[in-house]
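Asker: First, the structure itself, so that you have it in front of you.
Values in this text are rule-based calculations from the coordinates and carry no lab data. A quick note: this is a predicted structure, and the numbers were derived from the prediction, not measured. Positions of Cβ are backbone-derived with ideal geometry, glycine not excepted, and every protein chain shown enters the neighbour counts.
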Amino acid sequence: MDELSKEYVISFFNTQLSLHGDKPEAVRWTKRGQYLHYRSLLDIGDIKRSKILDFGCGKGDFYEFLREKGIIVDYTGYDINEKLIRLAQEKYPDCKFQVFDIDKEELTEDFDYIFLCGVFNLKVQGLAETIKDVLIKLFKHCKIALAYNGLSAHNPKKDFELYYSYPEDLFSFIVKNLTPYVSVRHDRIKYDFTIFVYKEPNFFSG
């Protein structure tokens with residue numbers, strides 16, 4: 001992602017945070033929508049006691065969801081937005097939160113599971129290639145599985161400021177470039193999808 005696009009994304013969410021405060025709307029979710037997205041991520045497998053990375057963590061809402069569910073994890077959150085990270089650090093001092101730009105910084109540790117939930121929903125230039133580059137970089141540091149959530153381009157009614165992608169295109173890219181162990185869910189939320197990418201065959205039964 002180019003620097004102008006990053007500045008736009010940071011500014012956009014700073015504005016949302018100023019308008020809404022510490023609410024799901026600050027990161028462009030509704031309370032119910034956020035809950036449904038987070039619940040759908042649990043289809044990845046049994047993450048209890050695992051080490052996870054919440055990439056694009058915002059203000060740490062996924063950690064709060066897991067804590068309320070009684071799911072104990074070794075949690076790390078990365079985000080490019082300093083204000084959101086600062087808020088997350090204040091709310092959850094027991095977790096590791098870090099301002100992180102994957103285009104400029106190298107990951108220095110591995111994680112059991114990596115989650116990207118709605119990280120690339122805001123439309124900016126060159127996002128299709130950015131998503132692929134990020135998935136390649138992150139999967140190298142993933143021991144068990146990665147989950148990517150996005151907006152489906154099969155939606156006939158698209159918001160001009162949002163980015164939509166075809167899950168089948170991402171599926172093909174992942175199979176060719178990362179791993180053959182991939183599953184796609186397009187049935188949890190209308191015109192929304194989550195791709196689960198595994199290092200090994202997955203036999204989790206839910």
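Asker: For the range 68-85, what does the Karplus curve 6.51 cos²θ - 1.76 cosθ + 1.60, with θ = phi - 60°, yield as ³J(HN,Hα) per residue in whole Hz, taken in order and with x for Gly and Pro?
Answerer: Per residue, the Karplus-derived 3J(HN,Hα) values read 5, 7, x, 9, 8, 9, 8, 9, 10, x, 10, 7, 7, 8, 5, 5, 5, 5 Hz.
Asker: Within the range 128-176, list the GluC sites (Glu not before Pro) lying in a DSSP loop whose Cβ has at most 14 other Cβ atoms in a 10 Å radius.
Answerer: For GluC sites (Glu not before Pro) across the range 128-176 that sit outside H, G, I, E and B with at most 14 neighbouring Cβ atoms in 10 Å, the list reads E161.
Asker: Return the FRET efficiency for the residue pair K140, D103: r is the Cβ-Cβ distance, R0 is 22 Å, and the value is rounded to the nearest 0.05.
Answerer: 0.90
Asker: I would also like to ask the following. If amide H atoms are built 1.01 Å from N in the plane of the peptide, which residues on other chains or at least 5 residues away come under 5 Å of the amide H of I80?
Answerer: It is F100, by chain and number.
Asker: Let me ask another. Please work out how much length the chain gains when fully extended from D2 to E168, using 0.36 nm per residue of separation minus the C-alpha to C-alpha distance, in nm with one decimal.
Answerer: Taking 0.36 nm per residue and subtracting the Cα distance, the gain is 57.2 nm.
Asker: Working from the alpha-carbon coordinates of the chain, get Rg over Rh, Rh being the Kirkwood radius.
Answerer: 0.92
Asker: Provide the per-residue ³J(HN,Hα) series for the range 185-196, in order, calculated from phi with Karplus coefficients 6.51, -1.76, 1.60 and θ = phi - 60°, each as a whole number of Hz, with x at glycine and proline positions.
Answerer: For the range 185-196, the Karplus-derived couplings read 10, 10, 10, 8, 10, 4, 6, 9, 9, 10, 9, 10 Hz, x marking Gly and Pro.
Asker: Run the helix sum for the chain: -39,500 (n - 2.57) per DSSP H stretch of 4+ residues, divided by residue count, reported at 222 nm to the nearest 500 deg cm²/dmol.
Answerer: Here the helix-only value at 222 nm equals -10500 deg cm²/dmol.
Asker: Work out from phi, with θ = phi - 60° and the Karplus expression 6.51 cos²θ - 1.76 cosθ + 1.60, the ³J(HN,Hα) of each residue of the range 2-18, listed in order in whole Hz, and give x for Gly and Pro.
Answerer: Values per residue, Gly and Pro as x: 6, 5, 5, 5, 4, 4, 5, 4, 4, 5, 4, 7, 4, 5, 4, 5, 5 Hz.
Asker: Given the options C142, F55, A153, identify the residue whose Cα lies farthest towards the positive end of the charge dipole of the range 3-198 (+1 on Cβ of Lys, Arg; -1 on Cβ of Asp, Glu).
Answerer: A153
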